[in-house]
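Below: one structure, written as structure tokens.
The values are calculated or read from the model by the stated rules, or taken from the named source; none is laboratory data. None of the values given here were measured: they were computed from a predicted structure. All Cβ positions, glycine included, derive from the backbone under ideal geometry; neighbour counts span all protein chains shown.
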Amino acid sequence: MAGEVLDLLEPANGGLWVDCTVGGGGHAALICARLGPDATLLGIDRDPLALEAAAERLKGCSCRVALERAHFSRAGDLVDRLGGSVSGALWDLGVSSHQLDRGTGFSIRDLDAPLDMRQDPQQDLCAADIVNRAGEKEIADILFRNSDERFSRRIAARIVRARPLRTVGDLMRCVDEALPAGYRTRDDVKRRVAQALRMEVNRELQELRQSLEAVCQRLVPGGRAVVLSYHSGEDRLVKQFFRSADREGWLRVLTPRPLRPSEEECRRNPRARPAKLRAAERVR
């Protein structure tokens, strides 16, 4: 949905533009292409390999580029170092292709990969710590809270009985064995379980809330915040935040209903299917 992102964000000329989830720099490159030499693009990511890819991709941009290795909950502090006023900000909350492809447990297809799921390799907590140490109720709560998984209790009980779990394959077998017969070939349940653990490992909902609050408070009047989410919990948080700020009168919701990818885009990129795009504009 790159076209829709740019249409809502409206990058142009100068100012400070923030890509809170810069990843490999795909969206950042499109934003930079519309910026002049007086503009700055701040790209934030906790993954050092993603930042290396972004640095390579953004070589030669006409605007200034500042890439920071940090959790995006620190975006407010990073913005303040660069002047404190934001012309526009983007969050793309999807998992990047290089994370899925590098054997750290992000892909449900990589059965021999360790149960890692850390976006920051220097972080202590990984997915194996959760499934092997947390109580059954805590695991069930994580699965339900982060992915609305209806079989969360059954899956949590099976995980606890099967400990220790070391690989993605171990986790996927637990999911298969916990599900009713008609659901055992359903990859959507497996994706939700993996997603819930990944979100817990990386504190994604907490990070998102802190980042939205910090960056949107620093938007200039007319500046826009644009968020691409891929999960109901993320979308719900963004929707509630934007609507609350709209009622308070300092943001204006631009997308009463989220924009969705076209069928053509979903055929080209099946990972885009669950995407929801929301935006809001600073009014005072």
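Just a few scattered comments:
- In the stretch 154-202, the residues that are hydroxyl-bearing (Ser, Thr, Tyr) and in a helix (DSSP H, G or I): TYR183
- Residue check for ASP80: in the same structural domain as LEU219 (by TED's automatic domain parsing) and within 27 Å of GLN206 (Cα to Cα): yes
- Residues that are among the charged types (D, E, K, R) and not in a helix (DSSP H, G or I), drawn from the stretch 233-272: ARG252, ARG257, ARG260
- In the set (1) within 20 Å of ASN132 (Cβ to Cβ); (2) of a type in the set (Val, Ile, Thr); (3) buried (at least 18 other Cβ atoms within 10 Å of the Cβ), the condition left unmet by VAL215 is number (1).
- Qualifying residues in the stretch 273-284 (those that are part of a loop (DSSP other than H, G, I, E, B) and buried (at least 16 other Cβ atoms within 10 Å of the Cβ)) - the one farthest from the chain's Cα centre (by Cα): PRO274
- Residues satisfying the stated conditions in the stretch 133-145, i.e. assigned to a helix (DSSP H, G or I) and crowded, with 16+ Cβ neighbours inside 10 Å: ILE139, ALA140, ASP141, ILE142, LEU143, PHE144
- All positions within the stretch 220-235 that are modelled with pLDDT of 95 or more and more than 22 Å from GLY3 (Cβ to Cβ): VAL220, PRO221
- Some residue of the stretch 23-45 being assigned by TED's automatic domain parsing to the domain that holds ALA225, within 15 Å of ALA225 (Cα to Cα), modelled with pLDDT under 95 and not basic (Lys, Arg): no
- Which numbered condition ARG57 fails, given (1) in contact (Cβ under 8 Å) with a residue 60 or more places away in the chain; (2) under 22 Å from GLY3 (Cβ atoms); (3) of a type in the set (D, E, K, R): (1)
- Among the criteria (1) at positive phi; (2) touching a residue at least 60 places away in the same chain (Cβ under 8 Å), the one LEU277 does not fulfil is (1).
- Candidates ALA50, ALA55 - the one that is small (Gly, Ala, Ser) and at pLDDT 95 or above: ALA55
- The number of residues in the stretch 161-176 being surrounded by fewer than 18 Cβ atoms within 10 Å (Cβ to Cβ) and free of Cβ contacts under 8 Å to residues at least 40 places away in the same chain comes to 6.
- The residue of the stretch 11-67 that is surrounded by the fewest Cβ atoms within 10 Å (Cβ to Cβ), among those that are small (Gly, Ala, Ser) and under 16 Å from the mean Cα position of the chain (by Cα), is GLY26.
- Here LEU205 passes the criteria (1) part of a helix (DSSP H, G or I); (2) touching a Ser or Thr at 6+ places or on another chain (Cβ under 7 Å); (3) within 30 Å of GLU281 (Cβ to Cβ) except the one numbered (2).
- Residues located in the stretch 208-232, provided they are in a strand (DSSP E or B) and within 16 Å of the chain's Cα centre (by Cα): ALA225, VAL226, VAL227, LEU228, SER229
- SER85 vs. criteria crowded, with 22+ Cβ neighbours inside 10 Å, within 30 Å of GLU4 (Cβ to Cβ) and touching a residue at least 24 places away in the same chain (Cβ under 8 Å): no
- Residue selected from the stretch 1-58 under the condition β-branched (Val, Ile, Thr) and outside any loop (DSSP other than H, G, I, E, B), by the criterion nearest to ARG74 (Cα to Cα): ILE44
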